[in-house]
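Beneath this line is the structure, given in structure tokens, with notes to follow.
The values are calculated or read from the model by the stated rules, or taken from the named source; none is laboratory data. All of these numbers come straight from a predicted model, not from anything done at the bench. Positions of Cβ are backbone-derived with ideal geometry, glycine not excepted, and every protein chain shown enters the neighbour counts.
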Amino acid sequence: MKRILVTGGAGFIGSHLCKRLLDEGNYVICLDNFFTGSIENIEKLQKHPHFELVEHDITEEYFTVIDQIYNLACPASPPHYQYNPVKTIRTSVMGIINMLELANKYGATLLQASTSEIYGDPLVHPQTESYWGNVNPIGVRSCYDEGKRCAETLMMDYRRQFGTDVKIVRIFNTYGPNMHPNDGRVVSNFIVQALRGDDITIYGNGNQTRSFCYISDLVEGLVRMMNTPNFTGPVNLGNPEERTIKDLASLIIELIHSKSKLVFKPLPSDDPVKRKPDITLAGDKLKWNPAIDIQDGLKETIEYFKNKITV
Ligand code: NAD
Ligand code: UDP
């Protein structure tokens, strides 16, 4: 039985990952400060004899005997990571140093949840891992983007300097059950608005694009990456099916048979114009490809939110 630490384990992705790792027979330590995570996401897991919850902030040191670490702790939604930007960058930078020290001490493998945001507003499309990105270092998204870029740097420097076993995954927009109704990201916002019959808030003209990956596909990619020896990455994980935000809104309205209307709000600054992963590397090295079509993924997510919110 492996001892596995999942930081941010009470969050959206972390809670699915904890479940998957428990189902595979591991001992799972879920570490979280509950900034955006919720106890409801892990309520069922807490009954499992091999699940341990540690309420802790990764900006502070943490040591335990451990085989693998998935470092997911960090607010991921723009309104949440911009709420306390200094804390966000501390979480990425101090947090990864603390996890690298932990990995070093016990010879563990450390996987960092990096992000497509490290490509900024990309000038290369689709984005390949070899692209260095186009990031504003002083804007409102920088606390997240630059924090994640610095975490990647620290991962590679620890590897070169101390031989730490590290793995970097660049996650593209992922959605599914266990997102918080007030998360603020586009899929959860649109579904909650459509279920309530509220206006659908499109930022800008809605022609910007994103590529949406369903949670089960993403978790499969994370586990494959962790268990593929001699491959540090970085590797992109995401669904390459690209669509405009306006199209996403129409699809959600159609699936819910909602009467909601589209309203247009100002585009937040530095909002990337387009985003789509090149996943050739993940296909080659991890034999990974997303399997869940957006219609099916959205239907599952809509069912989850129907039970979650009071309309
Ligand atoms: P989330 O906000 O649902 O989960 C983040 C979790 O980290 C929460 O449980 C939160 O309470 C916890 N956390 C935040 N700061 C912490 C700290 N200082 N110490 C301990 N715990 C802390 O977000 P998510 O979508 O599940 O994202 C998980 C990870 O994946 C993040 O690192 C995020 O940057 C990365 N990521 C996610 C996406 C996506 O589309 N979901 C895309 C790219 C990268
Ligand atoms: N967006 C939107 N309405 C919303 C929330 C987001 O139009 O209610 C837009 C946002 O401006 C961005 C895209 O949807 O262009 C994806 O936003 P999200 O916050 O989900 O992720 P990110 O910008 O980090 O990719």
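Close contacts from segment 74-102, counting a first residue that is under 23 Å from residue 38 (Cβ atoms) and a second that is assigned to a helix (DSSP H, G or I) and aromatic (Phe, Trp, Tyr), with Cβ to Cβ under 7 Å and a gap of 6+ residues or different chains, come to 75/81; 81/144; 88/81; 88/144.
A single member of 85, 75, 49 is within 15 Å of ligand 1 (Cβ to nearest atom) and surrounded by fewer than 22 Cβ atoms within 10 Å (Cβ to Cβ), and it is 85. Applying a threshold of 7 Å to beta carbon distances and a minimum spacing of six or more residues, or different chains, the list of pairs starting in segment 206-219 at a residue that is touching a residue at least 24 places away in the same chain (Cβ under 8 Å) and ending at one that is assigned to a loop (DSSP other than H, G, I, E, B) and among the polar types (S, T, N, Q) reads 210/173; 211/173; 211/239; 212/173; 212/239; 213/173; 213/239; 217/239.
Quick grid of which residues meet (1) within 14 Å of ligand 1 (Cβ to nearest atom); (2) within 22 Å of residue 281 (Cα to Cα); (3) of a type outside the set (Val, Ile, Thr):
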position: 158; (1), (2), (3): no, no, yes
position: 171; (1), (2), (3): yes, yes, no
position: 188; (1), (2), (3): yes, no, yes
position: 193; (1), (2), (3): no, no, yes
position: 203; (1), (2), (3): no, no, yes
position: 224; (1), (2), (3): no, yes, yes
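With the condition kept exactly as written, say whether any residue in segment 274-291 is more than 16 Å from ligand 2 (Cβ to nearest atom), touching a helix residue (DSSP H, G or I) at 6+ places or on another chain (Cβ under 9 Å) and closer than 21 Å to residue 179 by Cα. Scanning segment 274-291 turns up at least one residue that is more than 16 Å from ligand 2 (Cβ to nearest atom), touching a helix residue (DSSP H, G or I) at 6+ places or on another chain (Cβ under 9 Å) and closer than 21 Å to residue 179 by Cα. Of a type in the set (Ser, Thr, Tyr) and surrounded by 22 or more Cβ atoms within 10 Å (Cβ to Cβ), is that true of residue 211? For residue 211, the condition - of a type in the set (Ser, Thr, Tyr) and surrounded by 22 or more Cβ atoms within 10 Å (Cβ to Cβ) - is met. Every test in (1) within 21 Å of residue 226 (Cα to Cα); (2) under 19 Å from the mean Cα position of the chain (by Cα); (3) among the charged types (D, E, K, R) is passed by residue 105 save one, and that test is (2). Does segment 178-186 contain at least one residue that is out of contact with any helix residue (DSSP H, G or I) (no Cβ under 7 Å at 6 or more places or on another chain), within 29 Å of residue 283 (Cβ to Cβ), surrounded by 21 or more Cβ atoms within 10 Å (Cβ to Cβ) and modelled with pLDDT of 95 or more? Looking through segment 178-186, none of the residues is out of contact with any helix residue (DSSP H, G or I) (no Cβ under 7 Å at 6 or more places or on another chain), within 29 Å of residue 283 (Cβ to Cβ), surrounded by 21 or more Cβ atoms within 10 Å (Cβ to Cβ) and modelled with pLDDT of 95 or more. Of the listed requirements (1) within 28 Å of residue 117 (Cβ to Cβ); (2) free of Cβ contacts under 8 Å to residues at least 40 places away in the same chain, residue 44 misses just one: (1).
Scanning segment 220-260 for residues that are away from ligand 2 (no atom under 16 Å from the Cβ), β-branched (Val, Ile, Thr) and assigned to a helix (DSSP H, G or I) yields a single hit, 223.
Considering (1) touching a residue at least 40 places away in the same chain (Cβ under 8 Å); (2) over 21 Å from residue 225 (Cα atoms); (3) buried (at least 17 other Cβ atoms within 10 Å of the Cβ); (4) not polar (S, T, N, Q), the lone condition that residue 152 does not fulfil carries the number (2). Looking across 60, 40, one residue alone is modelled with pLDDT of 95 or more, assigned to a loop (DSSP other than H, G, I, E, B) and exposed (fewer than 15 other Cβ atoms within 10 Å of the Cβ). It is 60.
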